[in-house]
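Working notes, beginning with the structure itself.
The values are calculated or read from the model by the stated rules, or taken from the named source; none is laboratory data. Since the model is a prediction, treat every value here as computed from it, not as a measurement. FYI the Cβ positions are ideal-geometry reconstructions off the backbone, even for glycines, and counts take in every protein chain you see.
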Amino acid sequence: MTSDRAPIIAPPPLIGLACILLAFVAKHYKALPIFPTKGPLQSAVGIFLVVVAIAIFVPAVRIFIAHGTSQNPYRPTQAIVTTGVYRFSRNPIYIAFLLIVLAFGLFANSYWFLVAATVFAFVMHFGVVKPEEKYLLEKFGDSYREYCRRVRPWI
């Protein structure tokens with residue numbers, strides 16, 4: 001460990017935004033609609049996904065703040081957070097980002113966003129989650145190993 005942070009490939013929000021933008025570009029060149037016509041059910045489900053994402057994201061950030069650690073992966077982690085939404089997933093903020101990408105797919109009525117969500121999950125897992133886990137294991141040792149044993153990385 002050369003510095004007190006995980007060597008991630010890019011900021012997670014930037015990865016999510018890049019996936020969304022790439023899906024919009026792909027949609028521009030080849031539509032690939034999910035449904036023949038856009039209806040109110042699509043929008044309702046998309047809004048539901050956004051609401052669920054916010055319901056996950058806000059408490060996750062608040063818990064980080066309450067534990068005196070930053071959700072910014074470029075800052076040192078001060079504590080392993082295992083309460084609240086972190087009892088169910090080691091990466092609830094990333095799940096919230098994934099739900100936003102999927103919601104865009106419904107709003108835009110495009111399969112490209114399902115591809116983008118898959119790319120997002122892959123890049124996040126190997127470019128962010130794995131390096132973060134290695135960093136946290138080196139920094140916190142057995143306490144982080146025990147947390148990993150109890151809680152899944154995604155859902």
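Can you find a residue in the range 135-151 that is of a type in the set (S, T, N, Q) and closer than 14 Å to ILE15 by Cβ? For the range 135-151, residues of a type in the set (S, T, N, Q) and closer than 14 Å to ILE15 by Cβ: absent. Which ones in the range 1-41 are surrounded by 17 or more Cβ atoms within 10 Å (Cβ to Cβ) and not basic (Lys, Arg)? Once the filter is applied, which keeps residues that are surrounded by 17 or more Cβ atoms within 10 Å (Cβ to Cβ) and not basic (Lys, Arg), the range 1-41 yields ALA6, ILE8, PRO12, ILE15, GLY16, CYS19, ILE20, ALA23, ALA26.
Any residue at all in the range 47-57 that's touching a Ser or Thr at 6+ places or on another chain (Cβ under 9 Å), in a helix (DSSP H, G or I) and either surrounded by 14 or more Cβ atoms within 10 Å (Cβ to Cβ) or among the aliphatic types (A, V, I, L, M) (or both)? Even if it seems obvious, please write down each step before you answer.
Kept after step one, since they are touching a Ser or Thr at 6+ places or on another chain (Cβ under 9 Å), are these residues of the range 47-57: 56.
Filter again for in a helix (DSSP H, G or I), leaving 56.
Imposing the further condition that a residue be either surrounded by 14 or more Cβ atoms within 10 Å (Cβ to Cβ) or among the aliphatic types (A, V, I, L, M) (or both) reduces the set to 56.
Yes: the range 47-57 contains one or more residues that are touching a Ser or Thr at 6+ places or on another chain (Cβ under 9 Å), in a helix (DSSP H, G or I) and either surrounded by 14 or more Cβ atoms within 10 Å (Cβ to Cβ) or among the aliphatic types (A, V, I, L, M) (or both).
Identification of helices (runs of 4 or more DSSP H) wholly contained in the range 63-155 with 3 or more residues that are within 11 Å of the chain's Cα centre (by Cα) and buried (at least 20 other Cβ atoms within 10 Å of the Cβ) yields 92-108, 112-124.
Residue-wise test of (1) of a type in the set (A, V, I, L, M, F, W, C); (2) over 21 Å from the mean Cα position of the chain (by Cα); (3) modelled with pLDDT under 95; (4) in a helix (DSSP H, G or I).
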| residue | (1), (2), (3), (4) |
| --- | --- |
| ALA6 | yes, no, yes, no |
| VAL25 | yes, yes, no, yes |
| THR37 | no, yes, yes, no |
| GLN42 | no, yes, yes, yes |
